[in-house]
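Participant: This is the structure I want to talk about, given as C-alpha cells.
The values are calculated or read from the model by the stated rules, or taken from the named source; none is laboratory data. In this text the structure is predicted, and so the values were computed from the model without any measurement. Reconstructed Cβ throughout: ideal geometry from the backbone, glycine too, with neighbour counts over all protein chains shown.
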Amino acid sequence: MVSFFVDSASTFAAQIDHLILLVAVIVCFWFFLTLGVFLYLLYKFRAENNERAMYITGTEKKYKRFITWPHLTIIAFDVIIIIFAVRAWVTVKQTLPKPDRTVRIISQQWAWTFVHPGPDGKLDTADDIKTIDELHIQKGLVYHFKLTSKDVLHDFSVPVFRLKQDAVPGRTITGWFEATRTGEYDIQCAEICGIGHGLMPARLHLEDAADHKAWQRNWYLGRLHCGFETKRDPQTNKIMIDPGTGKPKQFPNKDLKLWRSMYPASPDACLPAKLAEGGSN
Ligand SMILES: [Cu+2]
C-alpha cells in the first residue's frame, strides 16, 4: 500500500511497508472502535434520558476491569508490533550481507559527496569516481555504504529504499542496500543540520549494468578534455604560464593513462564526448 505513494526500490522496502501497514491497521481498528463506543455512550446517556453519573472511587475492584482490560489489550498489540519491528530492524540495520560494491558517502553543510568504485569495482583505487549530490547505483548488486559527516549531524535518507541513517561527525557508519529497479529518485537530508538543511537534496540514479557502465565511461570522457590540463602555481595560485609562448602551460592529464588502460578499445579521449559517442556534434 505504501508503494502506491512512494516507489519501492530496495530488497527490504517491502518489509518496512508491511510494518507500516500493520501499525496503520491496528491503530485504525482501535481508533474507530473507541470512537464508536464513545459516540454510543454519548447517545445513550444524553441529557433527556436523565441518567445520573456514577461516582467511582477506584477502591471497588469490579470497576477496575474497565482499565485493566484495555491496558492488557494495548500491551498485547504492542508486542505484535514490536516483534515485526525487531525483525525489520535486524534485516536493515543488523544484518550486513556480503557486498558486491562499496560507496563512501560524505555529508557536510550542505551537500553530499559520493565516492563510487570505478570500473574495477573497488573503492579507494585510482579509478574511483567522485560526484557531488549524485549517487549512481547498479541494480541487483549488494552495496555497503560508509557514511561520514564533516561537520554536524546529518541523516542519509532514501525514501524509495525505505532507508534512513544518521551521519555522525567522527564516526564512519556502515550500512547496506540492494536496488531492485531502475530510475531516478530523491535523496534527502533528514536531520535539521543548519540554515541550508532544506537545500541538501541529492539524486539517486538506479541503473542496470549496461547503463551503469555507460555512466562510468561518460564520466571519464567528460573529464579528459584533450588529455591535457592547466595547473595553478601552489605559491601564487595563478595559472602557470609557458614563458616561451606566453600561454597557459599544458600538463598531460593524469587520468589519460588510466583511461587508456581501462578502455583500450574506445575512441581517442581527446574527442569531445558527443563525437566519441558517435553523435553528430
Ligand atoms: Cu544535512
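Participant: Checking the condition away from the ligand (no atom under 12 Å from the Cβ), among the charged types (D, E, K, R) and either crowded, with 17+ Cβ neighbours inside 10 Å or over 12 Å from the mean Cα position of the chain (by Cα) (or both), which residue from Asp186, Asp127, Asp151, Asp155 passes?
Facilitator: Just a single option satisfies the conditions, and that option is Asp127.
Participant: Out of all the residues in the stretch 219-235, is one or more within 16 Å of the ligand (Cβ to nearest atom) and crowded, with 20+ Cβ neighbours inside 10 Å?
Facilitator: Among the residues of the stretch 219-235, not one is within 16 Å of the ligand (Cβ to nearest atom) and crowded, with 20+ Cβ neighbours inside 10 Å, which makes the answer no.
Participant: Taking the condition of being touching a residue at least 40 places away in the same chain (Cβ under 8 Å), within 16 Å of Arg104 (Cα to Cα) and out of contact with any Pro (no Cβ under 9 Å at 6 or more places or on another chain), how many residues in the stretch 170-188 meet it?
Facilitator: The total comes to 3.
Participant: Now for a different question. Counting just the residues of the stretch 169-213 that are touching a Phe, Trp or Tyr at 6+ places or on another chain (Cβ under 8 Å) and part of a helix (DSSP H, G or I), which one comes out modelled with the lowest pLDDT?
Facilitator: Going through the qualifying residues, I end up with Leu199.
Participant: Can you give me the number of residues within the stretch 39-64 that are surrounded by 10 or more Cβ atoms within 10 Å (Cβ to Cβ) and assigned to a helix (DSSP H, G or I)?
Facilitator: Residues that pass the stated criteria total 5.
Participant: For the stretch 133-148, enumerate the residues that are on the phi > 0 side of the Ramachandran plot and within 16 Å of the ligand (Cβ to nearest atom).
Facilitator: Asp133
Participant: Further, regarding this structure: How many residues does the stretch 89-124 hold that are hydrophobic (A, V, I, L, M, F, W, C), in a helix (DSSP H, G or I) and surrounded by fewer than 18 Cβ atoms within 10 Å (Cβ to Cβ)?
Facilitator: The qualifying residues number 2.
Participant: Kindly evaluate Thr113 against the criterion of being within 16 Å of the ligand (Cβ to nearest atom) and either touching a Cys at 6+ places or on another chain (Cβ under 7 Å) or free of Cβ contacts under 8 Å to residues at least 24 places away in the same chain (or both).
Facilitator: When the stated conditions are applied, Thr113 passes them.
Participant: Another one. Within the stretch 189-218, work out how many residues are away from the ligand (no atom under 12 Å from the Cβ) and free of Cβ contacts under 8 Å to residues at least 24 places away in the same chain.
Facilitator: 2
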